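To start, the structure under review is shown below, and the notes come after it.
Taken together, the values in this text are just the output of simple stated rules run on the coordinates, not laboratory data. Remember, predicted model here, so these are calculated numbers, not experimental data. Cβ sites come from the backbone with ideal geometry, for glycine too, and all protein chains shown count toward neighbours.
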Amino acid sequence: MTWQNTTHDWSSDVAVAHLERIRLDPATFAPGGVTHLVLEVLAYAADEAESSGAEGLAVVTLHDDGSVSVADNGRGTDTRVDAEGRTVKKPVMATKDLRFFDAPSVSLPDGHLRRGMSVVAALSEWLVHTNRRLNGSWTQRYEHGIPVTDLTPVESDGTTGTTVHFSPSPGLAPVAALPTDFGPHLTIEVRTA
């Protein structure tokens with residue numbers, strides 16, 4: 001593939017050593033525990049809202065089982081079709097974010113460095129990424145950052161956006177008060193279920 005790598009390397013679906021590095025050092029990559037993981041997800045929704053210039057909405061749901069879901073109304077994760085006609089999604093969950101991981105310089109609202117979605121996936125027992133785009137919708141499940149299913153088509157409901165539902169690894173500090181200031185383009189709602 002000759003697709004331009006801006007945020008992630010399209011040539012690799014999974015970076016096993018990268019995910020293992022995160023799993024071995026949760027204090028560095030998720031200071032503040034689950035709150036930081038939620039902020040990592042919200043940062044992508046904020047990026048999407050800012051780049052589109054539209055008013056974005058992200059709904060954070062704290063589930064009774066300890067899992068967390070973050071659903072936004074953006075365009076959805078970039079998905080392309082390769083030369084063989086296969087659907088390929090940007091590998092945001094299982095590879096490093098080229099902008100932030102190796103030379104972090106951007107802080108999240110908790111004051112800690114942004115590293116990317118792979119931190120959320122690696123530090124979750126399971127994570128389900130559901131993606132709705134105008135050119136197709138799908139879902140995929142990960143365990144400790146490794147995809148355990150292929151992309152599974154989801155029937156279109158006429159909306160676009162991304163939902164990341166994850167069960168944080170045991171031992172991470174639970175969600176504390178969530179800072180909700182991600183700029184003027186993203187409104188954040190927090191719910192319990």
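Full extension from residue 87 to residue 149: what is 0.36 nm times the residue separation minus their Cα-Cα distance, to one decimal in nm?
This chain segment gains 20.9 nm when fully extended.
Expected output is a single nm value to one decimal: the length gained when fully extending between residue 27 and residue 177, i.e. 0.36 nm times separation in residues minus the C-alpha distance. What is it?
The residue 27-residue 177 span can extend by a further 52.1 nm.
To the nearest 0.05, what FRET efficiency results for residue 125 and residue 12 with a Förster distance of 25 Å applied to their C-beta separation?
Computed FRET efficiency for residue 125 and residue 12 comes out at 0.60.
Suppose every K and R has +1 on its Cβ and every D and E has -1 on its Cβ; what is the size of the dipole of the chain about the Cα centre, in Debye to the nearest 20?
In debye, rounded to 20, the chain gives about 240.
Could you list, bin by bin from short to long, the percent of Cα-Cα pairs of the stretch 114-177 in 5 Å steps?
In order of increasing distance, the bins hold 4, 18, 23, 21, 16, 11, 6, 1 percent.
Let me spell out the model: positive unit charges on the Cβ of Lys and Arg, negative unit charges on the Cβ of Asp and Glu, origin at the Cα centre of the stretch 1-106. What dipole size does that give, in debye rounded to 20?
220 debye
Taking the Cα atoms of the chain alone, what are Rg (to one decimal) and Dmax (as a whole number) in Å?
15.5, 47
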